[in-house]
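Structure, as C-alpha cells:
The values are calculated or read from the model by the stated rules, or taken from the named source; none is laboratory data. Worth saying up front: this structure is predicted, and the values here are computed from it rather than measured. Ideal geometry is used to build each Cβ from the backbone, glycine not excepted, and the neighbour counts take in all protein chains shown.
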Amino acid sequence: MEQGRLLIAIVLSVLVFTVWGFFFQDTAPPQQQTAQTQPDAPLPADKIAAGSPQETAIKEQPLPAFQKSKDLVVNTSFYSVTISDKGAFFKNFTLRQYRESVESDSPNKELITLPNVGSLHLSFSENSIPELKDAVFLSTVSSDSIDVRDSSQEISFLWTSPSGVVLEKQFTFYPDSYLIGLNVIIKNGSGKLLQDHLELSLTDKFKEAKNSYGFEGPSAFINNALEQIAVKDLQKKNVYSGKINWTCLEERYFLTSIVPVVPTEASIKLSLTNGRLDNVFIEPEIKIDSGVQRKFQYNIYMGPKSHSILSNLGIGLDKAIHFGFFDILAKPLLWLLNFLHDYIPNYGVAIIVLTLIIKGILWPLGSKSYKSMSEMKKIQPLMAQIREKYKDDKKKMNEETMALYKTYKVNPLGGCLPMVVQIPVFFALYRMLYEAIELRHAPFFGWITDLSAPDRLLHFSFSIPFMEPPYGIPVLTIVMGATMFIQQKMSPPMGDPMQAKMMMMMPIVFTFIFINFSSGLVLYWLVNNIVSISQQYYIQKKYA
C-alpha cells in the first residue's frame, strides 16, 4: 500500500515537472550535430586577454590603414561570423559543426536569429555620444572576407565621432577555439571630460516556452553565484549588480556570452520587447579626460554548451551548465556517459551500459525492495480477510493489519523506501539526458536518429492528441509502457481498491508522459524496467 502511494507520488512529481516545463520554459528547435573537433586542452594563456581597464595618454602614432566601410566575413573551422560596418556588431554567427535539424540537407546552426539587429552592440547609458547609434566603422581588412586557419588574426574597427572621440573595437579570432578576444578602446579627443557608463550587449530572439524542461534565457555569474533569470520575472526585476564574472544568453544546447577579462563590479540590464531579448553588460561609470584613452578587455564565447569545451577555456563558463536541483549527481553521470562513449561509439549503447552500471550500484536496494514486496504478497490473503471482517470498522482494521505486519515481521515501508533513493538518480538523468549536447542528433539505430528528440516511427500528416510534432508511432515509448504493465502485474495487489485502480492506470499515464520525452531518456527507462523485471522475478522465485 505504501509502495502504491510512493509510485503515485512519483507520477504526480513527473506530472508537476512536465507541467512546469510546459508553461515556464522554452522550446529549442530540432537540431543536428555533425562530427566535430573539440579543443581537448586548456586554451593557451596567450589566447586569453589579460588585464583590467587601462587608462593612458593618447599616443601620437600612425594609425593602421583603415579601409572603406563594408561588412566583413570571418571564417574559422568552428564558425563563420559576419561583422557589420554599421556599429561593428556581429550580424550573424553560424556554427560549422552543428546543424539546425537532423536532416542531412539542414543548414548550419545560426546563433544570432535577428540578423537585422545583431549582437555585441556598443553604447553609452547616458547617450553621451548620440551619433554612435548610426556610426559606420572602418576596418583594417581590405577584403570582404578573411580565413583564420593557422594562426590568430586581429582585426580592428574604428569610428570617430563629430566631437573627436575615437572608438575602436579590436577582435582577435583563433583558428582552434570558439573564444574571441575583444578590446574596446576609447580615445577622448573631444576637448572635454567624457563621463558615462559603457555598455556591451547580447541580443537574440526569444520565444515563450511551452515544452522545454531545462533553463533557457539570460544568466550570469554574479558574486560567486550562478543567476539563471526566468524571462517571466523580468517585470519584477531586470537589473542585477555585483562582481560579474560573465553574462550570457542560453538556449537548450548553445550560449552566447560576454566575459570581462577581470571580474568587475558592474551591472547587467535585461529586457524583452516584441520577442527581442537584450542582455546588456554595463561597466561602472567612467571618467575619461580629454587627451586620455581607456581600454576595456573582454572575451566573447559563442558556441555549444559542452562541459568539456567550456571547462578547457578556464574562464569559468562551465558553471553555466547546471542541471537543476540534482546537478551534483547529473554532472558525474554526464562524465561517465562521455567516458563510456570514448570506448563505445554509439550514445544509445552508452546509455544502455550506463543504465546497467546504475542498476548494479543500486542492486542491493532493489533486492531489499523486491524481497519486502514478496513478503507482502504472501500475507495478501490474510489482509483480505481482515478487510472483509472489519470493513465497517476502519480503526479495528488498521489495528489488525499492523498486528499482522508485526506477527509476520513485514515492514510495509520496506518496498518503497529503497525506491526513494532512486528518485534523485532518475531526475538527475532526466535533466542530463535532456540538456546534454552530446546527445543532440546522436543516432542510435533504425528510426532513432536523434537521441535528444522523441522517437517516431513513420511520420503522419495529421495531429495526434497529447503528441507534439513530428507525429508518428512512438515505438520505444509503447514498449516502455508495456514493461511497466508487466512490472505492475508482478507487484502485490493494493489493499485499497481505489489505489489498485490507480496503480493499474500508471503504465498508461507514464506512457503518455513519456511520449514527448527524448528517446535517450525513454531508452534509459526501458532498460531500467527490463533489468528491474528480471531482478524482481529472481527475488520472488528465491523467496517464494
Would it be correct to say that Phe215 is in a strand (DSSP E or B) and either surrounded by 17 or more Cβ atoms within 10 Å (Cβ to Cβ) or of a type in the set (Gly, Ala, Ser) (or both)? no
Give just the number: which of (1) buried (at least 22 other Cβ atoms within 10 Å of the Cβ); (2) closer than 27 Å to Gly189 by Cα does Val262 not satisfy? (1)
Taking segment 93-121 and keeping only residues that are in contact with a strand residue (DSSP E or B) (Cβ under 6 Å, 6 or more places away or on another chain) and either of a type in the set (Ser, Thr, Tyr) or over 19 Å from Arg252 (Cα atoms) (or both), one is left with Thr94, Tyr98, Ser101, Ser106, Thr113, Pro115, Val117, Gly118, Ser119, Leu120, His121
Condition check for Leu182: surrounded by 15 or more Cβ atoms within 10 Å (Cβ to Cβ) and more than 22 Å from the chain's Cα centre (by Cα): yes
Among (1) crowded, with 16+ Cβ neighbours inside 10 Å; (2) of a type in the set (Phe, Trp, Tyr); (3) under 28 Å from Pro412 (Cβ atoms), which single condition is Phe514 missing? (3)
Could you go through segment 394-415 and let me know if any residue there is outside any helix (DSSP H, G or I), at positive phi and either at pLDDT below 80 or more than 51 Å from the chain's Cα centre (by Cα) (or both). yes
Candidate set from segment 83-103 (those that are among the polar types (S, T, N, Q) and in contact (Cβ under 8 Å) with a residue 24 or more places away in the chain); member that is nearest to Val141 (Cα to Cα): Ser84
Among (1) at pLDDT 95 or above; (2) part of a loop (DSSP other than H, G, I, E, B); (3) basic (Lys, Arg), the one test that Lys207 misses: (1)
Need pairs with beta-carbon distance below 6 Å; first residue more than 14 Å from Val74 (Cβ to Cβ) and surrounded by 15 or more Cβ atoms within 10 Å (Cβ to Cβ) and within segment 145-173, second among the basic types (Lys, Arg) and modelled with pLDDT of 95 or more; sequence gap 6+ or separate chains. Val166/Lys187
Identify, by number, the condition in (1) assigned to a strand (DSSP E or B); (2) free of Cβ contacts under 8 Å to residues at least 12 places away in the same chain that Gln235 doesn't meet. (1)
Candidate set from segment 287-314 (those that are buried (at least 18 other Cβ atoms within 10 Å of the Cβ) and of a type in the set (A, V, I, L, M, F, W, C)); member that is farthest from Ser163 (Cα to Cα): Ile309
Residues in segment 323-345: is at least one surrounded by 14 or more Cβ atoms within 10 Å (Cβ to Cβ), more than 30 Å from Val522 (Cβ to Cβ) and not polar (S, T, N, Q)? no
Return only the number of the condition from (1) surrounded by fewer than 21 Cβ atoms within 10 Å (Cβ to Cβ); (2) of a type in the set (Ser, Thr, Tyr); (3) within 17 Å of the chain's Cα centre (by Cα) that Ser190 does not satisfy. (3)
Conditions (1) touching a helix residue (DSSP H, G or I) at 6+ places or on another chain (Cβ under 9 Å); (2) buried (at least 19 other Cβ atoms within 10 Å of the Cβ); (3) within 24 Å of Tyr213 (Cβ to Cβ); number of the one not met by Asn279: (1)
